[in-house]
1. Do you know which residues across region 12-30 are in a strand (DSSP E or B) and either touching a Pro at 6+ places or on another chain (Cβ under 8 Å) or charged (D, E, K, R) (or both)?
2. Considering only region 5-31, state which residues are over 11 Å from the mean Cα position of the chain (by Cα) and among the aliphatic types (A, V, I, L, M).
3. Quick one: how many residues across region 226-279 are of a type in the set (Val, Ile, Thr) and within 18 Å of Glu403 (Cβ to Cβ)?
4. Residue check, Asn23 against (1) open to solvent by 10 Å² or more (accessible area, probe 1.4 Å); (2) modelled with pLDDT of 95 or more; (3) away from the ligand (no atom under 11 Å from the Cβ), all met but one. Which one?
5. Look at Leu379 and say whether it is in contact (Cβ under 8 Å) with a residue 24 or more places away in the chain, in the same structural domain as Leu255 (by TED's automatic domain parsing) and under 25 Å from Ala286 (Cβ atoms).
6. In region 141-152, what residues are touching a strand residue (DSSP E or B) at 6+ places or on another chain (Cβ under 6 Å) and open to solvent by less than 30 Å² (accessible area, probe 1.4 Å)?
7. Of everything in region 306-361, what is among the charged types (D, E, K, R) and assigned to a loop (DSSP other than H, G, I, E, B)? Give them in sequence order.
8. Going residue by residue through region 268-284, is there one that turns out to be crowded, with 17+ Cβ neighbours inside 10 Å, touching a Phe, Trp or Tyr at 6+ places or on another chain (Cβ under 8 Å) and either free of Cβ contacts under 8 Å to residues at least 40 places away in the same chain or within 29 Å of Ala188 (Cα to Cα) (or both)?
Amino acid sequence: MDSILVKGNGALNGVIPIAGAKNACLTLMPATLLSEEPLTLTNAPRLSDIRTMTSLLESLGVEVSALQDGKVITMSSHGTLNPTADYDIVRKMRASNLVLGPLLARLGHAVVSLPGGCAIGARPMDIHIDALSALGAEIDLRDGYLDAKTQGGLKGAVHEMRFASVGATENFVMAATLAKGTSVLKNAAREPEIVDLVQCLRRMGAEIEGEGTSTITIQGVTALRGATHPVVTDRIELGTYMLAPAICGGEVECLGGRIDLLAAFCEKLDAAGISVTETEKGLKVARKNGRVKAVDVVTEPFPGFPTDLQAQMMALLCTAEGTSVLEEKIFENRFMHAPELMRMGARIEVHGGHATVHGVEKLRGAPVMATDLRASVSLILAGLAAEGETVVSRVYHLDRGYERVEEKLLACGAHIERISGV
Ligand code: EPZ
């Protein structure tokens with residue numbers, strides 16, 4: 001297992017290109033199952049999660065070809081499709097459950113393994129099941145698999161979700177595009193990745209309105225065509241790299257960055273004393289003057305503060321002036337980076353869904369362990385600003401969601417290198 005060595009090296013200055021969004025690409029790829037014609041995605045990120053989704057789609061009978069070193073992905077599901085998504089693949093990546101809706105819509109049958117829990121929580125699927133059942137799916141749990149069938153195809157329906165689940169919204173919307181009649185999804189998630197999915201489905205001939213709001217209306221059609229669609233900028237990678245100059249000092253321009261993708265996050269950066277300026281190419285970020293100030297953070301569904309930036313924000317607040325309280329309201333166990341940050345001298349008290357961070361002047365480098373994707377990058381951010389060396393182990397977590405981290409940070413003056421493990 002590889003590790004990454006980081007050594008505090010002062011301010012960071014330079015330009016960082018932001019890739020296409022992992023969490024958009026992971027829902028755009030299963031959309032190919034909705035059409036017999038090819039779907040091509042451009043600006044795709046080069047990540048292990050994308051390779052996992054590729055393997056899953058190929059196991060279902062989809063032909064997948066990657067061009068331009070993986071930035072362009074063309075998929076075709078014109079052949080005979082297999083309705084079963086195996087546990088071996090699904091357990092590695094929860095987003096595999098996003099083939100459930102498209103397979104049901106296309107084949108009238110889907111057998112998808114329950115993903116099982118992951119480091120940050122139990123990750124149940126009840127909201128997905130309720131949403132697809134509203135469209136007429138009969139879903140049984142058998143041997144750890146969801147076995148979903150429809151008699152005579154899905155039928156449009158009005159459904160209100162108990163919680164604005166991102167994945168359940170995506171499964172419902174994809175399935176409803178081929179249902180008979182009109183569907184209305186209430187309390188829908190509003191994330192930019194859902195807006196991106198709807199824009200792609202519309203290119204494929206779907207009739208959908210309301211994306212980005214809490215009510216999405218879908219008029220079912222008999223078939224969808226192929227399309228070419230650019231994956232939206234990754235707002236979580238963007239926010240992560242915006243925090244690099246915030247933690248270390250200096251000024252970094254994030255190419256492709258857009259404030260509308262991260263308004264709540266940018267408001268918190270401003271309150272903490274970080275300046276964010278829109279440029280022609282993206283967002284320029286710098287620490288204003290003096291020490292970062294403590295701020296309180298509550299994670300919420302979009303447009304609130306994103307849970308996927310909570311760990312990274314905690315790294316910034318570890319050296320802020322004052323005390324910050326972070327409340328994690330989306331996942332039940334998403335503070336595992338806290339004990340690792342404490343190994344670097346951070347002062348953090350975790351009680352249930354609240355973490356209280358008492359800012360210290362400086363963190364000190366130490367060997368630490370990545371526990372999940374976003375925790376891994378928060379430890380790297382902390383190491384960039386710490387005195388001495390930090391070695392982050394188990395960086396396979398990192399490679400799931402961040403392409404070429406060392407390269408992007410080296411270009412801004414960071415002291416960072418990958419240590420190949422056995
Ligand atoms: C998506 O996961 C993202 N993943 C997550 O990013 C992100 O943290 C999450 O949305 C919230 O924004 C992808 O898009 C691939 P949810 P998803 O359904 O769809 C509970 C990352 O780091 N829930 O909105 O799984 C669930 O347990 C990843 O890139 C149910 O109880 O998120 C969680 O507590 C991590 N029953 C909350 O809702 C369900 O049926 C939010 O889940 C579904 C979800």
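The values are calculated or read from the model by the stated rules, or taken from the named source; none is laboratory data. Since we're looking at a predicted model, the values are computed, not measured. Here the Cβ positions follow ideal geometry from the backbone for every residue, glycine too, while neighbour counts run over all protein chains shown. Quick note on the areas: whole protein, heavy atoms, side chains included, nothing else; ligands and nucleic acids left out. Shrake-Rupley method; radii C 1.70, N 1.55, O 1.52, S 1.80 Å.
1. Initially, region 12-30 is screened for residues in a strand (DSSP E or B), giving 12-17, 20.
Correct list: Leu12, Asn13, Gly20.
2. Leu5, Val6, Ala11, Leu12, Val15, Ile16, Ile18, Ala19, Leu28, Met29, Ala31
3. Count: 6.
4. For Asn23, the failing item is (3).
5. On the way: in contact (Cβ under 8 Å) with a residue 24 or more places away in the chain: yes; in the same structural domain as Leu255 (by TED's automatic domain parsing): yes; under 25 Å from Ala286 (Cβ atoms): yes.
Here the answer is yes, as Leu379 does meet what is asked.
6. Leu146, Asp147, Ala148
7. If the condition is that a residue be among the charged types (D, E, K, R) and assigned to a loop (DSSP other than H, G, I, E, B), then Glu328, Lys329, Glu332, Arg334, Glu361 are the ones that fit.
8. yes
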